[in-house]
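Undergrad: Can you read through this structure? Questions will come right after.
The values are calculated or read from the model by the stated rules, or taken from the named source; none is laboratory data. Note that this is a predicted model, so its numbers are computed, not measured. For neighbour counting, all protein chains shown are included, and Cβ atoms are generated from backbone atoms with ideal geometry for every residue, glycine included. What goes into the accessible areas is simple: the full protein's heavy atoms, side chains included, and nothing from ligands, DNA or RNA. Shrake-Rupley method; radii C 1.70, N 1.55, O 1.52, S 1.80 Å.
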Amino acid sequence: MNILHAIPYMHPLGGGPPVVVDRFCRHLQMQGHSASVITTDSLTPANETTAWAEEYRAEYPIRVVPAWYRHRFGYSSTMLAELRRAIEEVDLVHLHNLWSYFTFAVAKTCGMARVPFVISPHGMLDPHSLSRNASKKRFYGQCFEFPRLRRAAGMVYTDREEQNLAERSCPGLPPGYIVPLGAD
């Protein structure tokens, strides 16, 4: 199976989610699947290049799309074309994180290409996370994010508690699967 991991940021400053994506890709390849990543240069400091991606490229393909407003919404004029090319080549997209233009664009492109996608929310549907910038998330969630989540082929959680909290916060989610975080 050819799986594309889509994440708004893979820069090491992103903390846990980039580590999770890296481990998923390495382990999927060990199991005989093809794994690749598409991301943006979000979180890359203004005076730094995307040389950080070379370490990943040694293990699996990674595409880094330039993003305007790197520390905000992550829009890019070239993003949709890059996403189309990447998504047309795969069987499944594993989308990581929520609340960004990037995740919106990935899900929309998957729908147009008729490629299924699953989502790992990485705790972003936890009530504590939803309470941060609550009014923005309530509006954006009801209008855009929650309907998109409900169109996913499935949700990928790290444990049952994350799943329970997400399902309480956003009723009507697709089936959930527990995939514990790997550790070296």
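Undergrad: Could you work out [θ]222 nm for the chain from helices alone, using -39500 (n - 2.57) per DSSP H run of at least four and dividing by all its residues? Round to the nearest 500 deg cm²/dmol.
TA: Computed mean residue ellipticity for the chain: -10500 deg cm²/dmol.
Undergrad: Where a ≥ b ≥ c are the square roots of the eigenvalues of the C-alpha gyration tensor, would you call segment 81-184 rounded, which needs a/c under 1.5, or, failing that, prolate if a/b is larger than b/c, or oblate?
TA: It comes out oblate by the Cα gyration axes.
Undergrad: Separation between the ASN133 and GLU88 pseudo-spin-labels, each 7 Å from Cα along Cα→Cβ, expressed in nm?
TA: Result: 3.2 nm between the two label points.
Undergrad: Size of the dipole of the chain about the Cα centre, Lys and Arg at +1 and Asp and Glu at -1 on the beta carbon, nothing else charged, in debye to 20?
TA: The dipole magnitude comes to about 780 debye.
Undergrad: Enumerate by residue number the trypsin sites (Lys or Arg not before Pro) in segment 86-184 meeting two conditions: DSSP loop (anything except H, G, I, E, B), and at most 15 other Cβ atoms within 10 Å of the site's Cβ.
TA: For trypsin sites (Lys or Arg not before Pro) across segment 86-184 that sit outside H, G, I, E and B with at most 15 neighbouring Cβ atoms in 10 Å, the list reads ARG114, ARG132, ARG151.
Undergrad: Given Cβ point charges of +1 (Lys, Arg) and -1 (Asp, Glu) and nothing else, what value in debye, to the nearest 20, does the dipole of segment 16-57 about its Cα centre take?
TA: Here the size comes out at about 220 debye.
Undergrad: To continue, here is another question. Taking H placed 1.01 Å from N in the peptide plane, check which residues at least 5 places from GLY154 or on another chain put their amide H under 5 Å from its amide H.
TA: ILE119
Undergrad: Now for a separate question. List, in order, the whole-Hz ³J(HN,Hα) value for each residue of segment 25-37 obtained from phi through the Karplus relation with A = 6.51, B = -1.76, C = 1.60 and θ = phi - 60°; use x for Gly and Pro.
TA: 4, 4, 6, 4, 5, 4, 8, x, 8, 9, 10, 9, 10
Undergrad: With all protein chains present, how much of the accessible area of segment 38-155 (probe radius 1.4 Å) comes from carbon and sulfur, to the nearest whole percent?
TA: 54
Undergrad: Quick one: what do you get for segment 1-152 if you divide its Cα Rg by 2.2 N^0.38 Å?
TA: Normalised by 2.2 N^0.38 Å, the Cα Rg of segment 1-152 equals 1.00.
Undergrad: Count charges around GLU82 for me, please; just the other residues with Cβ under 15 Å from its Cβ, Lys/Arg as +1, Asp/Glu as -1.
TA: Local charge sum for GLU82: +1.
Undergrad: Of all DSSP beta bridges located in the chain, what percent are antiparallel, nearest 5?
TA: In the chain, DSSP labels about 5 percent of beta bridges as antiparallel.
Undergrad: Probe of 1.4 angstrom, ligands and nucleic acids ignored: what's the accessible area per residue over the chain, in square angstrom?
TA: So the chain comes to 51 Å² accessible per residue, rounded to a whole number.
Undergrad: Might you report the magnitude of the Cβ-based charge dipole of segment 81-184 about its Cα centre, with Lys and Arg at +1 and Asp and Glu at -1, to the nearest 20 debye?
TA: My answer is approximately 580 debye.
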